[in-house]
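Enquirer: Dropping a structure here in structure tokens format, bear with me for questions.
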């Protein structure tokens, strides 16, 4: 039986880059394969080589263009982990739904706190939130080493949790 992979959600964002690095590190540490998943829709897929004005290429051409893009964008980081067997998947559909589907056969799913569609003030993006709530396996939500992840606060967290008693 094939060993369950570490599934890594990757959309090309800085957050996804951190998830990729940590997911590959984890795969290396436990000797598991890694599967990089890049869900896509026509609106966010790169233009296929077969695209011409007036001609809409088949879905398979878009999927191939997405796979080429994700392999190119991840190549440098993947090369840092030569002992990890890496496969790629580019399912056509919403990212949250497709990562949840990929979780069914996974050991763990690794995602960033936010992706390309994230709003800067959110602590957790909608995709990572969906995966945490509905995945069929454990989920690791990674954080970037630098940069403010949390929205500005007007009230100290301690005051919110335990307001001053009069």
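Enquirer: Would you check which residues across region 69-89 are in a helix (DSSP H, G or I), touching a strand residue (DSSP E or B) at 6+ places or on another chain (Cβ under 7 Å) and farther than 23 Å from residue 59 by Cα and list them?
Expert: If we filter region 69-89 for residues that are in a helix (DSSP H, G or I), which is where we start, we get 69-79.
Filter once more, so that each one left must be touching a strand residue (DSSP E or B) at 6+ places or on another chain (Cβ under 7 Å): 70-71, 74, 78.
Hit for region 69-89 is 78, nothing else.
Enquirer: Turning to a different aspect of this structure: Among the residues in region 50-67, are any in contact with a helix residue (DSSP H, G or I) (Cβ under 8 Å, 6 or more places away or on another chain), at negative phi and without any contact (Cβ under 8 Å) to a residue 60 or more places away in the chain?
Expert: Filtering region 50-67 down to residues in contact with a helix residue (DSSP H, G or I) (Cβ under 8 Å, 6 or more places away or on another chain) leaves 50-51.
Okay, now just the ones that are also at negative phi, so 50-51.
Right, trim to without any contact (Cβ under 8 Å) to a residue 60 or more places away in the chain and you get 50-51.
So far as region 50-67 goes, yes, one or more of its residues are in contact with a helix residue (DSSP H, G or I) (Cβ under 8 Å, 6 or more places away or on another chain), at negative phi and without any contact (Cβ under 8 Å) to a residue 60 or more places away in the chain.
Enquirer: Another question, if that's okay. Regarding region 90-98, can at least one residue be identified that is crowded, with 17+ Cβ neighbours inside 10 Å, touching a strand residue (DSSP E or B) at 6+ places or on another chain (Cβ under 9 Å) and farther than 20 Å from residue 129 by Cα?
Expert: Checked region 90-98: at least one residue is crowded, with 17+ Cβ neighbours inside 10 Å, touching a strand residue (DSSP E or B) at 6+ places or on another chain (Cβ under 9 Å) and farther than 20 Å from residue 129 by Cα.
Read-outs: derived from the displayed coordinates by stated rules, not from any lab. Everything numeric here is computed off the predicted structure, so don't read it as measured data. Neighbour counts run over all protein chains shown; Cβ positions are idealised from the backbone, glycine included.
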